[in-house]
Structures are given as C-alpha cells and as structure tokens.
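**Student:** Got a structure for you, questions after.
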Amino acid sequence: MKCIMRLRRFEAADMSVVLLRAFACSAGVHFDPIRYALGSSSPALASSSSPFRSDSASWETPCSVFSRLYSSFPTGQPVETEVAASSSGSFYDPDQSEEEAEGYEDVINSAPLEAAPEMDVRTVVDVLREPTRGMPEKKAALEQCGIAPTSALVVEVLSRVRNDWEAAFTFFLWAGKQPLYSHGVREYHSMISILAKMRKFDTAWALINEMRGPGDRPSMVTPHTLQIMIRRYCAVHDVGRAVNAFYSHKKYGLEAGMDEFQGLLSALCRYKNVEDAEHLIFCNRNVFPLNTKSFNIILNGWCNVVVRPWDGERIWKLMSKRGVSHDVVSYASMASCYSKMNSLNTVLKLFNRMKENGISPDRKVYNAVIHALAKGKHIKEAMNLIKTMEANGIVPNIVTYNSLVKPLCKARRLDEAREVFDDMLQRGLQPTVCTFNAFLRILKTSQEIFELLEKMRNMRCPPNYDTYIMLIRKFCRWRQLDDAFGLWREMSENGLSPDRSSYIVLIHGLFFNGKLEEANKFYEEMKSKQFLPEPKTDKMLQAWISGKAAAAATTTAEWDAMENQSDFTPSNKNVSREFSQEKYFLRKPETRRVVREQGYSFWK
C-alpha cells in the first residue's frame, strides 16, 4: 500500500495520539506515532514483530565530519547566514555549542541589528533577575525604568534571560504593549524558541497564531517559525507532534517542499530519532523522492549522532541498491564515523576509494582524515595532509586545526598542541570556544585556567555554557568552591543565565563537598525556575533530607529521656554519653563515610 503524506491540521491528531499511546501501553502492544500521524495504511498499533521493525533490520548502511555537511561557510561569516541554511536540512555539527545545536541561535536569521545600548540592556536584565520580586513587581519596575524598547534591545534581553521563561515572557508582553514599538519576526522567534525549549508548547503556538495576524494583515509566520517547533518536539522525542508541526505548513499558508521535509529529517536525526527519520523517507518516497541529500541526513544520524557504523553501512548499501549515488558528503560521513571509532585503516581505505571513483575530497573529508591520523598519533602525517590540502587549492579552516588540537590535548601532548595553536594564529584563523575548551580540560591549576580565560576574553571568544560547566565541575573536584562560585556569578554577568545542566553540575559538586544545605538551596532554586528535576540528584537530596529529619527526631527524644532520669550513676552517665556520641553523628551528615563513583564522592 502506498504511504503518501497527507497534510492535515495540527490540532486534529494531538489528543488522538495521546489516547492511542495510552491504549497501546495498556494492551501491551507497540504504538507507532509516525504511522498514525502520516495516515499510513499500515497499522499504527502493532506487536513487537511489526513489519516496520523487521523490515528496518533488513534494510541496508554512514557518519559525518566536523562541520555542517551541506553548508560550507568561509571563516568569519556571520552566524545568521549559517543558521539560515541549517533550517533546511543541514547536518549536526559536533563543534556546535549546545545552545546552537538546540536552535536558539537559529532565531537570528535576518540582517544584523544595531547593537542595543549596554546600559539599557543591563538595567532591564537586572530588573528581570531580581529574586525578591514577583512578576507583577517586575512588570511595574519595567514601567518605571524609562527605557523604550527597540528590536535590538528585545532580542538582546531575551537572549540573556532565555533560561528563565517567565521573566522572558513578562518582558516580551510588556515590550509589545509599549507605544511606537511592535514585535517583528526576530523577536517572535526568540520568544517562541524560549517557550518551546521550556516545553510551553501551547503558549508558543499561541504566539505563532498571533504572528499570523488578524484580517488582511500579512502573516509573519515563515517555514523557520515552524522549524523551531519541530526541533523542540524532536528534542523531547515527541515525534508525532513534530510531524504534526510539519503538517501545519498548509494551515499557515506555507508550502511544505523538499527543503522543509529535509529540515524535519535533520531535526529528527539531531536528537537521535534516526529510526523514525529513516521510516519517514521511505513512507513518503512518492511525495518526496529519495535523493542523495535525504539519505546523507540519515547517514549523518546513524554515524555522527548515535555512532552506529553498522547501520551506516546498511544505509550505504541501500543507497547503491536504490540507485542513489554517493557523493563527497557520503564519504565524509563514513570517514568521520570510522574516525570516531579509531579505525584509521578504514578511513584511509575510504579516502583512496573515493579518489579512485573520481570524487575529489573536499575540506570536510580532509578534516575527517586529519582527525583520524591525529587520534592515531600520526601527527607528522596529519600535518603533511594539511600541506596536501593547500596544494590542491583547499584552504584549512579552524575545524581542520581543531581536528589536530583536540586529539593532542586528549593525549596530553600539550607542547605540540600549542605549536598547532600558534600556527593557526599565524594563518589568521580565529580560535573557537571548542579550541580553548580542549586546552582547559587538561590544565591542572586554577592559575593556568584563569590565565587562559583572560586570553579568551582578549581574543573576543567568550566562554560558553560548555566551558563554565566543565570548569565548575573541575573546581568542585579540586574542592575549590570559591572559584566555582566565582565562575557561577561570572556566567550570569556575561549574559548566560544558568540552565538545567549548570544547576545540576553545581548541585552535585556542592553535595560531594559536604555542602548539603547549599546544594539543597540551589536545587530548590532550579525547580522554582521550572527546570525538570534530575532523578539522581533528587534521590540524593531526598535521602539527605529524610536522614536529617530522622536525626533531629532521634536526638530530641534521646535528650528528653535523659532529662527525665533523676538517678544517674557515674557508670550510667558514661554509657549515656557514649550512646549520645554514637548517635550524634546524624547531626553532622558531612562526617559520614563516602564511596567513589564517576569521579565524585557519594555519601554512604
């Protein structure tokens, strides 16, 4: 039977998917939301031996380099141009920051704005971050601050408070009501991205409907608007709603073409829903014909995101079976995958086979081979390959040098890594945060770390979330909590409001250093911002709170009993004192024994 994608209304399937999923769980059968959402003629409810599961195992295929495979950008090109291309089926970039990968940076996909006055931005951000004020008080303070919103101001403020959706939404609503100002596409996209990341999907859809505008007013909804929602649904593995968001192109008067379909595939693969993405391309092959780019997105998913080379090889063979040609991107994916698996011989065989087939290696292929050589400790050969690149007219970029720096740092060959770093600077290449993070991981003293952080600032390469999380964890392991708290404050001052991962790392660090009260305080603060609780952290803190309460009850009852005794003998006093000291340790849980697990000390 043909599986043709039917464009349907977003609202029609939401509750049905939930109910069918619940029914399937109770009946002990498998529910495939993709089959249901696509309106496939094959059953949505199936046993574990469904045709999709067995067929997928018999399909035949690879993996990715260190930059977007279908979007090659010269060094220094604005992020907004790069991001715009990524919305239509580009590939996950391992050198991306988490924020870029999650899509917040994607909201900036129009011409650059003039910078907002820093003083105005700080004033508004300070109002929104004031912990003692509720949202009504913050709104009143915004009215009194005397600052007129502009597009640049709104985008910058939302960027700095993006991990506090309530504060961001309060500011967004306030700004929208000010005279001589109205939100544009960029501001809406910023707010929608924040809401969707915090799983406030209904509110995000309400803003999208608001963008459509009443009456004859032109709609501001673009394919990128829907792509934000698709990515966030994929991030929480709600594939059915991601597909429904794709269907909503028709609802908003937009055409869902091949680029939009490949954007859906790319979002699914980026968040490890690769099997669903693979099913989609075959289920919809009559509407969106199979082509090299669609297959390469699936290759990238199997090989670069979930790193399963056997599935990559299966897709590779299936491409040949279906008459779909392999291109330079396909080879780059395979080479990168085997580079990750430390299979240098396979990488070199692919490299040679590619040239035998008349396909000229591009920068991405060279980068993958250089990385494999560097990981295999063949630094001289990797440097020679860089010279070969240049001889062939391909200029090495920052990813090329990162492919050398990272393995060298991991192998603790710091002097050689510094030589590569200096060579990179002499070529006029600007180091990225990933470059500095590789060095920061292996530094052994706080002085070296802070010197390198200062160098990052001087080179206009500020630390990102990954940097702060890594260093806070490192300082907690070193028991240098003052430095950890200093970085925590600096993170907020630099416009990076703490996210869930930041909180969890700090809480674990405090817990394992015996600062249980502080750990619990930050955990409550994290939950008050409506970040999802972390099960392991929750279990540890609940155990401590229960033990603390039990200790308080035990010692209170013990002292009451002692006070009621009127005839203590010296021997009785000694026994009582001994018993008291034995129990009194419960008031000081930080003196309990510890065990080691994953580099931290867990209370026993």
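Throughout, read-outs are computed from the coordinates displayed, never taken from laboratory work. This one's a predicted model, so the numbers in the text were calculated from it and none came from an experiment. FYI the Cβ positions are ideal-geometry reconstructions off the backbone, even for glycines, and counts take in every protein chain you see.
**Student:** So between Met135 and Phe282, what do we pick up on full extension, going 0.36 nm a residue minus the alpha carbon distance?
**Tutor:** That works out to 48.0 nm of additional length.
**Student:** So what is the relative contact order for the range 326-429, in percent, with contacts set as C-alpha pairs under 8 Å and at least six apart?
**Tutor:** Worked out over the range 326-429, it gives 22 percent.
**Student:** Something else about it: Between Gln178 and Arg122, what is the label-to-label distance in nm when each label sits 7 Å out along the Cα-to-Cβ direction?
**Tutor:** Using points 7 Å along Cα→Cβ, the separation is 1.8 nm.
**Student:** Rounded to the nearest 0.05, what FRET efficiency do Glu255 and Ser325 have when you use their Cβ-Cβ distance and R0 = 25 Å?
**Tutor:** Once the sixth-power term is evaluated, E becomes 0.40.
**Student:** Run the quick spin-label model on Ile359 and Lys548: label points 7 Å from Cα toward the beta carbon, then report their separation in nm to one decimal.
**Tutor:** The answer from the label model is 5.9 nm.
**Student:** Still on this model: Return the FRET efficiency for the residue pair Lys527, Ala391: r is the Cβ-Cβ distance, R0 is 56 Å, and the value is rounded to the nearest 0.05.
**Tutor:** Step by step, r from the Cβ atoms, then E = 0.45.
**Student:** Between Gln144 and Ser492, what is 0.36 nm times their sequence separation minus the Cα-Cα distance? Round to one decimal in nm.
**Tutor:** So the extension gain works out to 122.9 nm.
**Student:** What pairs in Lys317/Lys536; Lys251/Lys340; Lys444/Lys515; Lys317/Lys340; Lys293/Lys536; Lys200/Lys536 have C-alpha atoms more than 32 Å from each other?
**Tutor:** Lys317/Lys536; Lys251/Lys340; Lys293/Lys536
**Student:** Just subtract the alpha-carbon distance of Glu517 and Asn384 from 0.36 nm times their residue separation and send over the number in nm, one decimal.
**Tutor:** My answer for the length gained is 42.3 nm.
**Student:** On to the next question. By its C-alpha gyration tensor, with a ≥ b ≥ c as the square roots of the eigenvalues, how is the range 326-429 shaped: rounded for a/c under 1.5, else prolate for a/b larger than b/c, else oblate? Please report the intermediate quantities before stating the final value.
**Tutor:** On the way: a/c = 2.26, a/b = 1.42, b/c = 1.60.
Since a/c reaches 1.5 but b/c is at least a/b, the shape of the range 326-429 is classed as oblate.
**Student:** Right, something else. So if we plug the beta-carbon distance of Asn345 and Asp423 into 1/(1 + (r/R0)^6) with R0 = 30 Å, what FRET efficiency do we get, rounded to 0.05?
**Tutor:** In this case the efficiency is close to 0.60.
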